[in-house]
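Contents: one structure, followed by commentary.
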Amino acid sequence: MDFMEFLTPAFWVAVGQIILIDILLGGDNAVVIALACRGLPPKQRKMGIIYGTAGAIILRVILIAFALALLAIPYLKVVGGLLLIWIGVKLLMPQDEGDEHGNIQSSDKLWGAVKTVIIADLVMSVDNVLAIAGAAESAGQHQLPLVIFGLLVSIPIIVAGSQIVLRLMDRFPIIITLGGMLLGWIAGQMMYTDPGLKPYLPDAKTWEYAAAIAGALLVLAIGRGLQLRKPPAEAA
């Protein structure tokens, strides 16, 4: 394994994509951790957060390893790309004001809280796993080390700075828009490089980038169109 491969621009672009994806799609993880651990005694809350986050990281890496292998199956990238476009469009839509985390159960036992964090993360991580696997593929070799590095950087940011990140998103909505377009970009690349379609498409990076741009613009166009069609919220 050549260490210099970890210093290539493609590697660090993919790392940046993974961190941004995890912050945009994984911001709820910090809320889940807080809710699951709120019933613990104060002295155990820190341990619950640490153990729950560690378990979530390990589970995520395992899921992404499976996803990277599955993406080699013909036409699965097409399905995954279409799903990513839907996730990107959904990201651009305004969030409902209801408390979507109200059903997260807290526990007064350390391992009960840890189990809740890990199970909740499993349920919530499908979009993260698919998006991160797609971003990692663009770096070529050493995909799993890239995924682990990106997760180790991004999850502490989510846990420690989720409120700051959420405020920035509220203040600068362009961050959300760019995040949705990033998912569209990855979706376009995924679909264009699908093993089942490869024999029928030109093997050139220019066309792959064109597909990525088309995916990003498609997410933006559909998201904006749905925003315009959404009726204004009724006055309280």
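How much length would be gained if the chain were fully extended between residue 153 and residue 46, taking 0.36 nm per residue of separation minus their Cα-Cα distance, in nm to one decimal? Before the final figure, lay out the partial values.
Working: separation 107, 0.36 × 107 = 38.52 nm, distance 1.92 nm.
Computed gain between residue 153 and residue 46 is 36.6 nm.
Highest first, please rank the peptides 109-115, 51-57 by the mean number of other Cβ atoms sitting within 10 Å of their residues.
On the way: 109-115: 17.7, 51-57: 20.0.
Top to bottom by mean Cβ count within 10 Å: 51-57, 109-115.
Once label points are set 7 Å from the Cα along Cα→Cβ at both residue 175 and residue 65, what is their separation, rounded to one decimal in nm?
3.3 nm
How much accessible area does residue 86 have with a 1.4 Å probe, in Å² rounded to the nearest 10?
About 140 Å², ignoring ligands and nucleic acids.
Would you mind getting the accessible area per residue of the stretch 31-93, heavy atoms of the protein chains only, 1.4 Å probe, in Å²?
On the way: 3220 Å² over 63 residues.
Result: 51 Å² of accessible area for each residue.
The values are calculated or read from the model by the stated rules, or taken from the named source; none is laboratory data. Since the structure is predicted, the reported quantities are computational estimates derived from the model, not experimental observations. When we count neighbours, we look across all protein chains shown, and the Cβ atoms used for this are built from the backbone with ideal geometry, even at glycine. Ligands, DNA and RNA are stripped out before the accessible areas are found, and what is left, the full protein with its side chains, is counted by its heavy atoms. Shrake-Rupley method; radii C 1.70, N 1.55, O 1.52, S 1.80 Å.
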